[in-house]
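Just so it is clear, none of the values below were taken in a lab; they were calculated from the coordinates. Here the structure is a predicted model, which means the values were calculated and not measured. Positions of Cβ are backbone-derived with ideal geometry, glycine not excepted, and every protein chain shown enters the neighbour counts.
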Amino acid sequence: MIAGELRRYLRDYSPLRVSRSLRDTAYRVLQCRQAMTAENGQEPTMEQIAQTLGIPVEEVTQALDAIAAPVSLYDPVCSDGGDALTVMDQVRDRKNTDEQWIESISLREAIAALSERERRILSLRFYDGRTQMEVAGVVGISQAQVSRLEKNAIRSIRRAILPS
């Protein structure tokens, strides 16, 4: 009765939900591995376990993965005397860092703070790749005005993004 209650508690309060059939397969795999280790004196391969149980190797590995305890991203994996290497260091997205997200949001807010005319000029110049003369013709102002508005818009964006 106590063992049943312990199993029920672990099943109901596990950090991850795993199907009963997958857990049952995992426990069969563990029992088979233990029996084969005791019989042969060495740990069996996944293929040997799968062959003994009559199930595919993928199912054996999935079952064992399903009952493995979750690992924190900040758990140390190895240490070479200095700072420990964590799981997060190995799976980190170097392209989308927090700093890049903040810069992107700051840039969007800075551009949103510009006037519609300044946004249009910057879009024509840097998104469409047009010259100041071409932008002047589209917007209906002189090239000197385009240059001045462009310069002021870029200065406003820099002030909004870069700390003083």
Starting at the first residue of the range 143-153, write each ³J(HN,Hα) from the Karplus equation 6.51 cos²θ - 1.76 cosθ + 1.60 with θ = phi - 60°, in whole Hz, x for Gly and Pro.
-> 4, 5, 5, 4, 4, 5, 5, 4, 4, 5, 5
Only helices counted: for the chain, with every DSSP H run of 4 or more residues adding -39500 (n - 2.57) and the sum spread over all residues, [θ] at 222 nm is -19500 deg cm²/dmol
Amide H to amide H, which residues 5 or more places from Thr86 or on other chains are under 5 Å from it, using H placed in the peptide plane?
-> Val77
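Full-extension gain between Ala84 and Leu30, please, as 0.36 nm times their residue separation minus the C-alpha to C-alpha distance.
On the way: separation 54, 0.36 × 54 = 19.44 nm, distance 3.15 nm.
Result for the pair: 16.3 nm of gain on full extension.
Compute the length gained on full extension between Arg23 and Arg158: take 0.36 nm times their separation in residues and subtract their Cα-Cα distance, giving the result in nm to one decimal.
Working: separation 135, 0.36 × 135 = 48.60 nm, distance 5.66 nm.
My answer for the length gained is 42.9 nm.
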Could you list log10 I(q)/I(0) for the range 2-67 at q = 0.24 Å⁻¹, which the Debye formula gives when each Cα is one point scatterer?
-> -0.98
Using θ = phi - 60° and Karplus 6.51 cos²θ - 1.76 cosθ + 1.60, couplings along the range 110-126 (whole Hz; Gly, Pro as x) = 5, 5, 5, 6, 6, 6, 4, 5, 5, 4, 5, 5, 4, 5, 5, 6, 9
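Would you mind getting me the FRET efficiency between Glu58 and Ala38? Use the beta-carbon distance for r and R0 = 25 Å, nearest 0.05.
On the way: r = 26 Å, r/R0 = 1.03.
The computed FRET efficiency comes out at 0.45.
So how do Ile67, Ile105 line up by other beta-carbon neighbours within 10 Å, fewest first?
On the way: Ile67 16, Ile105 10.
Least to most surrounded, the residues fall as Ile105, Ile67.
May I ask you to list the trypsin sites (Lys or Arg not before Pro) in the range 60-114 that are in a DSSP loop and have at most 12 other Cβ atoms within 10 Å of their Cβ? Please list the in-between numbers first.
Details: sites: Arg92, Arg94, Lys95, Arg108; in loops: Arg92, Arg94, Lys95.
Of the trypsin sites (Lys or Arg not before Pro), the ones in loops of the range 60-114 whose Cβ has at most 12 other Cβ atoms within 10 Å are Arg92, Arg94, Lys95.
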Provide Glu39, Glu109 in ascending order of the number of other Cβ atoms located within 10 Å of each residue's Cβ, fewest first.
-> Glu39, Glu109
With the charge dipole of the chain built from beta-carbon charges (+1 for Lys and Arg, -1 for Asp and Glu) about the Cα centre, the Cα from Leu122, Gln48, Gln34 projecting farthest to the positive end belongs to Leu122
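Given R₀ = 30 Å, FRET efficiency for Val138-Asp93 by Cβ-Cβ distance, to 0.05?
0.15
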